[in-house]
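Report on one structure; see the data block that follows.
The values are calculated or read from the model by the stated rules, or taken from the named source; none is laboratory data. The structure presented is a predicted model; accordingly, all values stated were derived computationally and were not measured. Positions of Cβ are backbone-derived with ideal geometry, glycine not excepted, and every protein chain shown enters the neighbour counts.
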């Protein structure tokens, strides 16, 4: 696999010394030595261990909870239920990137009157050891009144389906629904006249698609350790993508002012969106407060799968129409997304992305957010988009075949450009869609013939919008000329390195002079979560501004020493210079740093931003598969992922992100899915039966970087991390079709389904 | 509380003594009693490899071994790999090849790779894949991990050569 | 006058029009102007004086955290967006 696989689609400013290089990750030595502290690794003196009692029923009313026996057990320090929570108003707040209903959030942490999924938390115990805590759970008596569950998203919308939230009416811009329903909300987008568009079409393809509930699959379970001071000040160590969001999610249920909570984010062992929402922090905080000692609550693997936030399973109806020459005339989508136990699926972003790659004159999208007796869905890497891409990109493949067109040529004929008005009413601004498609078409993988029986090649093209939002950065200059870069952005992918690289580039100093760290909620300005592929871009802007701030301040100090005004001082590659009557003065950054205290207070560059414009990005994938005609097993022979990253700060880290996302996509395509029985019991809450890809399932993945710089970032950075999980299931489905003649419209594409499709079983 | 058992063992070359309940796994003992948090819990039922350690040089899932079972035995954890003057060649290879992102699977992965290289100094890519198939990683897509193991194999062979001269 | 993209579920109020014109110095004023021309708009876009839950507003392609208080210029493009989230 070549390292030099960067395709420059447009020329940006060249001559970078740090940006574009591949230094080792700054956090790598700590991690390979087993020295880094993750959520479950936290240990405090006198610490107790918390465990959570969870509902065995998928749907039930709670008549009563009796905790007295558990409380009396030796070694038990505290037992809590929803009664220990404050009265939380039914209010919407901002957590992560979306709105969250705090009442629902509290209820999900500890159920009040109903349990809505198997695994729903009902009570929690803190004890001297995890084993004692587990034994104590068995002594808690919960009187349930089981109710019929509903786990299928379409079933849940039908009249007569069991209602999860009695009295819930469907919300939409068109007004409130008339009858209580499991459909929490309905969104719609409409452009032009779809009926007319379909009438003009010469070819129409239509299909129903289904995807299963899948989990982010991070290896590290959720873990939080809460430690209260005697005057009611909480320190919370937690594995989270967003320390400020973690703080808000504990403040509300505990009725605690934000100033009395300090969140210290630990190292995170994988997140992919799933660690935006807190699942054990409230229990840990309540238990610690009641027990009068620190309490650590960690989820087991079963609990992670049962009771954290997987992404929606879905049913999608899709119809597209085109002229014989391939121009799309109309597109219509109906999306039913599982929200899980409480409203809030990513159907909105799925709706935003489904047609975002293409210029389509007429279209309509209806999205339905439907509650079902499954865990409340949480964000999963490009939430909602992989589902819709699976539908759109396989249907386009079908269209290409019907038209006798090359699949990439069909996409090129319709590809969106700057200024394209999408069906959702958004307009694209500065995108690299066509560049990505052309780079994919011209890639040796696409041009290489694929021979052999039962083999096929598939492509898919996809978009993710990315994000901007709030970030905070501080750059401290030390007396010896080294620096400390601290941001409020938790590092889940390597941003400590990519942010320090941006600072080093601006400062013209070696990367090794900058220590890069993540600050807690006391030290930093409000930073939105590390998610939405925002950090290298938005926090990067803050870092660049902070670095420029350092240079400006340092110039002022040099000016003081040299007795002239700051505008006369120049700075280049680590050296300050000024022309004075006595001759050319110069001083290195390190020398000047040694003079900082003589010339004033400490020098700290600072920037706090709210980035409201961000560049979306496109990816196109090519995959070759071989399908065993007897077993239905899919072997991936070759995989190439092309992506527009704007500007690659650290190409190696970007390749790693792309490879990891593709591996996740392979799991979603072929292996992963929550299985339920008729009683709403999840059958595969373990890593044996919920199978994530192993080293035997993932081939070498070639990541091809295309750069169409995003104009609003100093180096042109676009978000990278989420785009590459969107195309894989569609690309693989298309390849399986070419290999077997079977078009699968349901995920995961298991051997059983493939053989059924082929008529073998 | 169940009566606790006294266990004496050698961990990372050092004699260690601790008290544990018979129901506590080796993983628990390492992490909660001995403060060796390098080995991680990912599943607690032998399906992910994050808890991998060497027991008398043999690769095991410490979540499937009881603490009491290591009485008189030798255990190597990730903490035992780095020398006083730096990381081992295998750890350095992981850093150089960028074979990690979140790093949670990394201690188990390195221990498992060490077990392989201790037996087979020159494994093929296929052999590495099948040996490490029991170590799940969700971040990297695996390819760089394999490159790191290959690179470490080369570096180890070279250093053996240098030593024997 | 600013041009306003009307979400499809509100087009029953505008007689099916997807884009309409309305003047105002802030998003709140634009909504008032919309309400005057198309009664019922205000209750759907900003019930209780706040932007409807799950709704955001973009002015000239920039998402406006100020929401109803966001400034609107003479030739601005105002668009009401439904919730989107990342991970």
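Just a few scattered comments:
- Verdict on residue A:641 being within 14 Å of chain B (Cβ to nearest Cβ), closer than 27 Å to residue A:741 by Cβ and part of a strand (DSSP E or B): yes
- So residue A:175, is it within 14 Å of chain C (Cβ to nearest Cβ), more than 27 Å from the chain's Cα centre (by Cα) and modelled with pLDDT under 95: yes
- Any hit, the range A:546-560, residues being part of a strand (DSSP E or B) and either free of Cβ contacts under 8 Å to residues at least 24 places away in the same chain or within 27 Å of the chain's Cα centre (by Cα) (or both): no
- Leading residue by the ranking (farthest from residue A:37 (Cα to Cα)) among those in the range B:67-87 that are in contact with a helix residue (DSSP H, G or I) (Cβ under 8 Å, 6 or more places away or on another chain) and surrounded by 19 or more Cβ atoms within 10 Å (Cβ to Cβ): B:70
- If you go through the range B:131-164 and pick out every residue that is within 13 Å of another protein chain (Cβ to nearest Cβ), more than 17 Å from residue B:111 (Cβ to Cβ) and in a helix (DSSP H, G or I), you end up with 4.
- Residues of the range C:28-87 that turn out to be within 7 Å of chain A (Cβ to nearest Cβ), part of a loop (DSSP other than H, G, I, E, B) and more than 26 Å from residue A:382 (Cα to Cα), as a count: 0
- Of the residues making up the range A:724-759, just one is touching a residue at least 24 places away in the same chain (Cβ under 8 Å), more than 18 Å from residue A:389 (Cβ to Cβ) and in a loop (DSSP other than H, G, I, E, B), namely A:750.
- Screening the candidates A:683, A:670, A:696 for the property of being without any contact (Cβ under 8 Å) to a residue 60 or more places away in the chain and either within 14 Å of another protein chain (Cβ to nearest Cβ) or buried (at least 21 other Cβ atoms within 10 Å of the Cβ) (or both) yields one hit, A:696.
- Just one of the listed residues (A:721, A:656) is modelled with pLDDT of 95 or more and assigned to a loop (DSSP other than H, G, I, E, B), and it is A:721.
- Given (1) surrounded by fewer than 22 Cβ atoms within 10 Å (Cβ to Cβ); (2) within 14 Å of chain B (Cβ to nearest Cβ); (3) assigned to a strand (DSSP E or B), index of the condition residue A:61 fails: (2)
- Subset of the range B:41-56 [closer than 19 Å to residue A:693 by Cβ and within 7 Å of chain A (Cβ to nearest Cβ)]: B:42, B:43, B:45, B:47, B:48, B:50
Residue by residue, here is whether (1) within 14 Å of chain C (Cβ to nearest Cβ); (2) surrounded by fewer than 17 Cβ atoms within 10 Å (Cβ to Cβ) holds:
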residue: A:149; (1), (2): no, no
residue: A:156; (1), (2): no, no
residue: A:164; (1), (2): no, no
residue: A:184; (1), (2): yes, no
residue: A:199; (1), (2): no, yes
residue: A:203; (1), (2): no, yes
residue: A:219; (1), (2): no, no
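- Residue tally, condition touching a helix residue (DSSP H, G or I) at 6+ places or on another chain (Cβ under 9 Å) and away from chain A (no Cβ under 13 Å), over the range B:12-25: 3
- For residue A:532, the stated conditions hold: it is over 18 Å from residue A:265 (Cα atoms), assigned to a loop (DSSP other than H, G, I, E, B) and in contact (Cβ under 8 Å) with a residue 40 or more places away in the chain.
- Residue within the range A:191-212 that is touching a helix residue (DSSP H, G or I) at 6+ places or on another chain (Cβ under 8 Å) and in a loop (DSSP other than H, G, I, E, B) present: no
- Qualifying position, being assigned to a loop (DSSP other than H, G, I, E, B) and within 33 Å of the chain's Cα centre (by Cα), among A:163, A:139: A:163
- In the range C:1-27, residue surrounded by the fewest Cβ atoms within 10 Å (Cβ to Cβ) [restricted to those that are within 9 Å of chain A (Cβ to nearest Cβ) and in a helix (DSSP H, G or I)]: C:9
- Matching strands (runs of 3 or more DSSP E) fully within the range A:234-347 where at least 3 residues are closer than 30 Å to residue A:684 by Cα and in contact (Cβ under 8 Å) with a residue 60 or more places away in the chain: A:295-298, A:314-322, A:328-340
- The selection criterion, being free of Cβ contacts under 8 Å to residues at least 24 places away in the same chain and touching a helix residue (DSSP H, G or I) at 6+ places or on another chain (Cβ under 7 Å), does not hold for residue A:20.
- Test for residue A:599: is it outside the structural domain of residue A:442 (by TED's automatic domain parsing), at pLDDT 95 or above and within 30 Å of residue C:61 (Cβ to Cβ): no
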